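Reading through the structure tokens given below for one structure.
Just so it is clear, none of the values below were taken in a lab; they were calculated from the coordinates. All values derive from a computational prediction rather than experimental measurement. As a convention, Cβ positions derive from the backbone with ideal geometry for all residues, glycine included, and neighbour counts pool all protein chains shown.
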Amino acid sequence: MRDIIKRMSAVIILSAIAMLGGCAAAQDTSVSGSVYAMDTVMTITINAPSDGEALLRGAESTIRRLDDMWSATKENSEISTLNTLGNAEVSTETAELISFALDTGADTNGALDITLYPLLRAWGFTTGEYTVPDKALVEALLSARGAPEINGTNVTLPVGTQLDLGAVAKGYAGDILCEELRAAGVTSALLDLGGNIHAIGGRADGSAWRLGLKHPRGEGNIAVIELNDRAAVTSGDYERFFTDESGRRYCHILDPKTGFPADSSLCSVTVIGERGALCDALSTALFVMGAQQAEEYWRKNGGFDMILITADCDMLVTEGIAQDVRPVDGFTGGLIILDR
Ligand code: AMP
Ligand code: MG
């Protein structure tokens, strides 16, 4: 795992959020490794007194195991089998992840919707061969879907329904990894799962981890975030997108109401909280909702913090994280703190 870190480092800075320099990786007791899984580069840094390499190997095998279960594009994954057969017995973790995503989908008024796989395929987001599908096809695929049913670990999909767990899988995987690392005695680690950040504790010296939040419309970062023992997950329209001849941007997050890429005037949403799965689910859902509904959702539900960046590059930050977010020098947008 360690061997590929140098080769991958050029990619890591493209993540939505990335660890900034001066971290504990420079210290003797830390180990760091990268692996390509879930369509992204994942980098784990652990401050471990002794068996760091074994911890990294354990983390890598967990990541591969979960990717092999949850990928919608790997032929024999649990999700592919389910999508092909319409009914399958799945592992407890998969059943839990599907239930969690369905609950959060209901809770976000359908903004998070894990049944969009047929639409994502029609747009080419599953292969990178992008195309704007006919409106009639989009409408037909949208209305063909039904609600998945879960009975213990048995999942049934109505005809026309296929799952894609891309909006929640990395967050859930991060929670599982953190649980395993904590159980092994780790008190200081940073997991960068392709821009989904999970911090166990702070840095080796006890100070907070410092992360760069990528500028959605420019080079480098738009803000620096200090993070301690929390997850921070970003959804952005600059991560995977294509443009047509007129320059119109089509991003990989679809609005389940239209089947078209979400067009909510937000270009980046970061959710910070204790559970990575919830942060991941909400970053996608709030991106679809747009700034106003996202703010309403936060006011009603709480339990997380967020950083919204609008198309005009204004930054809205909730009060719980405001002290720990610093726009970079030269930030010209407006900074709005949302308080209750
Ligand atoms: P994220 O980067 O976490 O926001 O997740 C985006 C990924 O989730 C996309 O690449 C799709 O695979 C899938 N997806 C797109 N739109 C939605 C949506 N509205 N709800 C759930 N999953 C989605
Ligand atoms: Mg997400």
Listed by chain and number, the lysines with an alpha carbon less than 20 angstrom from that of LYS135, same-chain partners under 8 positions apart left out, are LYS257
Length gained, GLU129-THR243, 0.36 nm per residue minus C-alpha separation, equals 39.8 nm
Taking a label point 7 Å from the Cα of THR153 along Cα-to-Cβ, the residues of the stretch 88-110 whose backbone nitrogen sits under 12 Å from it are 89-96
Farthest towards the positive end of the dipole of the stretch 205-320, among PRO216, ILE253, THR270 and with Cβ unit charges of +1 on Lys and Arg and -1 on Asp and Glu, lies the Cα of ILE253
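What Kirkwood radius, in Å to one decimal, follows from the Cα pairs of the stretch 54-143?
Computed over Cα pairs of the stretch 54-143, the Kirkwood hydrodynamic radius comes out at 15.0 Å.
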Here the net charge surrounding LEU254, from other residues whose Cβ is less than 11 Å away from its Cβ (Lys, Arg +1; Asp, Glu -1), is -3
Hydrodynamic radius by Kirkwood for the stretch 292-340, inverse mean 1/r across distinct Cα pairs, in Å, is 11.3
To the nearest 20 debye, the chain has a Cα-centred charge dipole, built from +1 on Lys and Arg Cβ and -1 on Asp and Glu Cβ, of 360
The value for the stretch 207-278 (convex hull of the alpha-carbon atoms, volume per residue, Å³) is 103
Counting every C-alpha pair in the stretch 29-101, the percent lying more than 16 Å apart is 57
Hull volume per residue for the stretch 116-167, using the convex hull of the C-alpha atoms, in Å³ is 82
In order over the stretch 174-180: 3J(HN,Hα) from phi, Karplus 6.51/-1.76/1.60, θ = phi - 60°, whole Hz, x for each Gly or Pro, gives x, 5, 5, 4, 4, 4, 5
Among ALA173, ALA136, ALA189, the residue with the largest mean-square fluctuation in a Gaussian network model of the chain built from Cα contacts under 10 Å is ALA136
In whole Hz, the Karplus estimates of ³J(HN,Hα) for the stretch 89-96 (6.51, -1.76, 1.60; θ = phi - 60°; x where Gly or Pro) are 8, 10, 5, 4, 4, 5, 4, 5
Percent antiparallel among DSSP beta bridges confined to the stretch 239-340, rounded to 5, stands at 75
Within the set VAL317, VAL159, VAL233, GNM on the chain using Cα springs under 10 Å gives the largest fluctuation to VAL159
Here the gain from full extension of ASP229 to THR62, 0.36 nm per residue of separation minus their alpha-carbon distance, amounts to 58.1 nm
Of all C-alpha pairs within the stretch 82-188, those more than 17 angstrom apart amount in percent to 61
Short to long, in 20 Å steps from zero, the percent of alpha-carbon pairs of the chain per bin is 32, 59, 9
From DSSP H assignment alone, runs of 4+ in the chain each adding -39500 (n - 2.57), the sum over residues rounded to the nearest 500 puts [θ] at 222 nm at -10000 deg cm²/dmol
Any GluC sites (Glu not before Pro) in the stretch 106-166 that lie in a DSSP loop and have at most 14 other Cβ atoms within 10 Å would be GLU129
Debye calc, one equal point scatterer per Cα of the stretch 194-340, no solvent, log10 I(q)/I(0) at q = 0.09, 0.10, 0.19, 0.21 1/Å comes to -0.26, -0.33, -1.17, -1.41
